[in-house]
Each structure stands twice: as C-alpha cells, then as structure tokens.
1. Going by the conditions given, is residue 220 crowded, with 17+ Cβ neighbours inside 10 Å, under 20 Å from the mean Cα position of the chain (by Cα) and not assigned by TED's automatic domain parsing to the domain that holds residue 74?
2. Among the residues in region 136-154, are any among the charged types (D, E, K, R) and more than 16 Å from the chain's Cα centre (by Cα)?
3. Condition first: of a type outside the set (Asp, Glu), closer than 25 Å to residue 152 by Cα and surrounded by fewer than 17 Cβ atoms within 10 Å (Cβ to Cβ). Can you find one or more residues in region 28-43 that meet it?
4. Tell me, which residue of region 117-135 that is crowded, with 16+ Cβ neighbours inside 10 Å and more than 24 Å from residue 158 (Cα to Cα) is nearest to the chain's Cα centre (by Cα)?
5. Could you tell me whether any residue of region 193-209 is in contact (Cβ under 8 Å) with a residue 24 or more places away in the chain, assigned to a helix (DSSP H, G or I) and surrounded by 15 or more Cβ atoms within 10 Å (Cβ to Cβ)?
6. With respect to residue 47, is the statement that it is closer than 30 Å to residue 173 by Cα and either β-branched (Val, Ile, Thr) or surrounded by fewer than 19 Cβ atoms within 10 Å (Cβ to Cβ) (or both) true?
7. Which fully enclosed helices (runs of 4 or more DSSP H) of region 53-139 have 1 or more residues being outside the structural domain of residue 169 (by TED's automatic domain parsing)?
8. With (1) within 18 Å of residue 7 (Cα to Cα); (2) polar (S, T, N, Q); (3) in contact with a strand residue (DSSP E or B) (Cβ under 7 Å, 6 or more places away or on another chain) as the list, and residue 149 as the residue in question, which single condition is left unmet?
Amino acid sequence: MNIQKIRALSFDLDDTLWPIGPTLANAEAALLAWFTKNTPKALSIYQDTALVSDIREVVKSQFKDKMHDLSAIRKELIREVLLRADEPTSGVDHAFHAFFQARQSVQLYPDVIAALDKLSERFQMVALSNGNADIEQVGLGQYFAHAISAQEFGVAKPDPRIFQHTADCLKLQAEEILHIGDDAYTDIVGAQGLQMPCVWINREERAWPGTGACPVTVKDLSELVSMLEL
C-alpha cells in the first residue's frame, strides 16, 4: 500500500466505530417494549427464540432480493410476527420506528472521536456500511462527505459495485481510497476485489480468518492515525 497515494478514507461502521452487540440489544429491548404496550399477543411469539429464528428464515427465503436492505427485512419480520399473533399489521411501521430509533443510539469506541478529528483534517471520508445506522442520527455526520448504505445503493459489500460507487462519489480512483473495516469478508475481500487498499481493524486481536495473506492490520483507529503518519 502506497500511503502517499491515499486521498480519501472509507469506513465501515458497525464493529468498526462502535460495537454492534450492545446497540442491537438495546434496539431489541425497545421493540419488546413496543410489543408489550401495543400488541401483547405478539410479545409471546417474539420472545420464543426458536420460533423467531424460524420466522426469520422464512422471511429471508421470501425476500432474497431484499437481503441488502436490513430495514426492509426487519419490517417483514415484524409483519410476520404480528400476523401470527393475529395482531393488526398496521403497527409495523410504528414497531420498526421504536427499533430503529434505539438502533441509532451507539456507544463509540474510545479512540474514535480523536482519530476522526485528526483524519478528517487531511482526508475526505465516507461511511460505507451494510447496516442501517444513520450517520447523522448517530452524531458523526460532520466527519463524512458521503454516507453510502447497501439498502440505498441496492447491493451490499463485498460486491465490488458498492466500492466502485464510493470511488465515483469521491471522483477518485479505487487505489486512492483506503477502506477500513472489521469484517474479513465483506470489508477486506470486498475492497481487494476492486484493488482498493484496505486495513483490517482487529480490536479483539483475532487470528486472520481469510484464506489469503493477512492484510495490513490495526488494533484501533489511533494505530491507523499513526500508520498514516498524521
């Protein structure tokens, strides 16, 4: 990787800038609270982990063309739960809103703000995510020139088209953009598919799970700042 050629950075979001586990747990709790208040019969279904797992698989099989759109899949899951509970499906959007708003409440990793402050002084930056976080609601919108999501673009990482779209938005070549992400497949293999330089952020110091050579790796964004010689 030629650091001198890098003119922009693209960042994955979930498990790169914040841990997704606690965020989704809070969102699920908000959805349960909505069911409890508004559709109690649906609550008993949603609390049945095995049944919900089965419903999720049914939804995935019926909406294969929407798998890049996590919001749409979530709404269909809620709809199916309400149908099975004999509750009105008019509540789908309200239930999803409760889930979605809680999903935007994230706890950033402690290194993130200082690093983004430093990195944004030198580079254009883009948020590039398969998830449905809203970068403005999360509170990081000021750092990013663009926020590209799989659900809006129509395909998900590792599809090279979404990485090419990132380059097009920035009016740069792929080799001028450094992609940073935690997922060995969607982030690293995806970026490599377009010959876009990339950095694997490995906060838990896991062994490289990919089949090829381990890519350039950092433990957190402060190491990325140092690597880029800022």
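The values are calculated or read from the model by the stated rules, or taken from the named source; none is laboratory data. Since this is a predicted model, take the numbers as computed values, not measurements. Reconstructed Cβ throughout: ideal geometry from the backbone, glycine too, with neighbour counts over all protein chains shown.
1. no
2. The answer is no; no qualifying residue exists.
3. There is no residue in region 28-43 that is of a type outside the set (Asp, Glu), closer than 25 Å to residue 152 by Cα and surrounded by fewer than 17 Cβ atoms within 10 Å (Cβ to Cβ).
4. Selected residue: 119.
5. Scanning region 193-209 turns up at least one residue that is in contact (Cβ under 8 Å) with a residue 24 or more places away in the chain, assigned to a helix (DSSP H, G or I) and surrounded by 15 or more Cβ atoms within 10 Å (Cβ to Cβ).
6. Taking the combined requirement at face value, the residue does not satisfy it.
7. 70-84, 92-103
8. Unmet for residue 149, out of (1) within 18 Å of residue 7 (Cα to Cα); (2) polar (S, T, N, Q); (3) in contact with a strand residue (DSSP E or B) (Cβ under 7 Å, 6 or more places away or on another chain): (1).
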